[in-house]
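See below for the structure under consideration.
Read the figures in this text as sums done on the coordinates, not as results from a lab. Not measured: the values here are computed from a predicted model. Cβ placement follows ideal geometry from the backbone for every residue including glycine, while neighbour counts extend to all protein chains displayed.
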Amino acid sequence: METEHNLPDKIDELKQVLVLTATQYNFDFQNPRVLHLSQKLDTLILKSMRKTYSS
């Protein structure tokens, strides 16, 4: 589970993985692996935003 202090690091790491994966699949954003990573990144970003705006 992500803790408050490592959430930005997890987001940055996942962004890099998403870019590499999208490149690997010729930017086919319908590819299941690309979609999965994108959704996972969305979830982390929302979690970060909720934390920021609830303070």
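Results, tabulated for the structure shown:
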item	result
Segment Ser48-His36, length gained on full extension (0.36 nm per residue, minus Cα span)	2.5 nm
Cα-based Kirkwood hydrodynamic radius, the chain, one decimal, Å	11.8
Label point distance in nm, Lys10-Thr23, each placed 7 Å from Cα along Cα→Cβ	2.5
